[in-house]
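Q: Take this structure, written in structure tokens, and hold onto it; I'll ask about it next.
The values are calculated or read from the model by the stated rules, or taken from the named source; none is laboratory data. Worth saying up front: this structure is predicted, and the values here are computed from it rather than measured. Neighbour counts are summed over all protein chains in view; Cβ atoms, including those assigned to glycine, are modelled from backbone coordinates with ideal geometry.
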Amino acid sequence: MKESGRGQACANIALTKYWGKRPGTANAPATPSISLTLDPLRTETTVQMIDTADDQVVLNGVEATGRPKERIVWFLDIWRDKGLISGSVFVSSFNSFPTAAGLASSASGFAALTMALADLAQADLSRRELSRLARLGSGSAARSIFGGIAAMPLGDNPAARCVLEAEATPWTMVIAVVDAPEKTVGSTEGMERSRTASPYYRAWTALAKKDYATVLHGVMHRDFTRVGETMEANMYAMHGCMLATRPSLPYWSPGTLEVLQEAKVQRSKGLEAYATVDAGAHVALLCRHDDADAVADMLSLLMDRERVMICRPAGHAEIPA
Ligand code: PMV
């Protein structure tokens, strides 16, 4: 074990969503998922051994307390229980994008932390083992361990795998950061509420398996239209399940609907971009690389240009040199 370690990872946005956990498992998903890992949505994390009784966590320069800290301490406990690290740890993490707003910060956050802890532990862990460990922190983080398009299958203790390397991925995501309050229900609580109180939960999990197979096939054949149409329909199904939860789980804001509607109008005029929304209000539009500027221009008519991010496929999580 070293004195300190570093890791970095990019966020990912799911093409078919993970929404639901299998009860009685170690954070195993109830739906398989596929994602695109995105540059420049990057998290850089440093970990250091410290001589204090408790762990210390600093997120974007501010000392973390409450739930965000508890989640990280709980994750460090897993590494300590497995004998991979020992003693108290100081964690410092920086995001290059807004946190807790549905922009997948937990994906890049736990993937970067996993890499930093692997560096600290000097453990010889395969990428699949790293993906399994990252999944325990956040399901979507398992996918960020891999670059490009990654798939996360079902299983008792699944790891993600790379389906298409970043360099071979011909698609871009353009993200519209819409005006929205900070969300109040995180994904873990939201998933549990949907599982126990959404009348559409079973239908959602069944549909999610079909959409996963369709998108996987579409990616292998670079069938953009099929991937885009299925991705968008899958997003609406997930939000339908969330909205039907009692009490309801609405993650959208008026700006979300504005972007969704405009994307549809533009598509009818020939600009082929498809929308997806995570458990938050921001919208990600999937398009072919060459259409990214046109999609960004379209979004700039609805919001300030600095709220529009062109995100290219990113490589895998790593321990920086
Ligand atoms: O990894 P979590 O626990 O933050 O859950 C991610 C959930 C969604 O972003 C809504 C979907 C997904 O597959 O990323």
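Q: I'm trying to understand the selection: among the residues of region 101-150, which are among the basic types (Lys, Arg) and closer than 16 Å to Leu41 by Cα?
A: Arg143
Q: Among all residue pairs at least 6 apart or on different chains, which show Cβ distances below 7 Å where the first residue, located in region 22-41, is at positive phi and the second is at pLDDT 95 or above and part of a strand (DSSP E or B)?
A: Asn27/Lys21
Q: Would you point out which residue out of Val163, Val178 is β-branched (Val, Ile, Thr) and surrounded by fewer than 24 Cβ atoms within 10 Å (Cβ to Cβ)?
A: On the way: Val178 fails: surrounded by fewer than 24 Cβ atoms within 10 Å (Cβ to Cβ).
None of the other options fit; the residue is Val163.
Q: Okay, moving on. What's the total number of residues in region 70-81 that are of a type in the set (Phe, Trp, Tyr) and either within 13 Å of the ligand (Cβ to nearest atom) or modelled with pLDDT under 95 (or both)?
A: Total meeting the criteria: 1.
Q: Which of (1) modelled with pLDDT under 95; (2) touching a helix residue (DSSP H, G or I) at 6+ places or on another chain (Cβ under 8 Å) does Met115 not meet, given it meets every other one?
A: Here Met115 meets the rest and fails (1).
Q: Out of the residues in region 181-214 meeting the condition of being within 14 Å of Leu249 (Cα to Cα) and among the aromatic types (Phe, Trp, Tyr), tell me which one is surrounded by the most Cβ atoms within 10 Å (Cβ to Cβ).
A: The qualifying residue surrounded by the most Cβ atoms within 10 Å (Cβ to Cβ) is Tyr201.
Q: If you don't mind, there's one more thing I want to ask. Select the strands (runs of 3 or more DSSP E) contained entirely in region 223-321, then report the ones holding at least 2 residues which are away from the ligand (no atom under 16 Å from the Cβ).
A: 283-288, 308-313
Q: Let me ask something else about it. Show me the strands (runs of 3 or more DSSP E) found entirely inside region 1-69 where at least 1 residues are surrounded by fewer than 19 Cβ atoms within 10 Å (Cβ to Cβ) and at pLDDT below 95.
A: 33-50
Q: Considering only region 249-267, how many residues are under 15 Å from Asp179 (Cβ atoms) and of a type in the set (S, T, N, Q)?
A: Residues that pass the stated criteria total 2.
Q: Could you list, in sequence order, the residues of region 146-163 that are more than 17 Å from Ala112 (Cβ to Cβ) and in a loop (DSSP other than H, G, I, E, B)?
A: Across region 146-163, the qualifying residues are Gly148, Pro153, Leu154, Gly155, Asp156, Asn157, Pro158, Ala159.
Q: Can you tell me which residue in region 288-316 is surrounded by the most Cβ atoms within 10 Å (Cβ to Cβ), limited to those that are within 30 Å of Gly7 (Cβ to Cβ) and touching a Phe, Trp or Tyr at 6+ places or on another chain (Cβ under 8 Å)?
A: Pro313
Q: Tell me the residue from Leu125, Leu136 that is within 16 Å of the ligand (Cβ to nearest atom) and either outside any loop (DSSP other than H, G, I, E, B) or on the phi < 0 side of the Ramachandran plot (or both), please.
A: Matching residue, one of Leu125, Leu136: Leu136.
Q: Then there's this: Could you figure out which of (1) assigned to a helix (DSSP H, G or I); (2) crowded, with 17+ Cβ neighbours inside 10 Å isn't true of His217?
A: (2)
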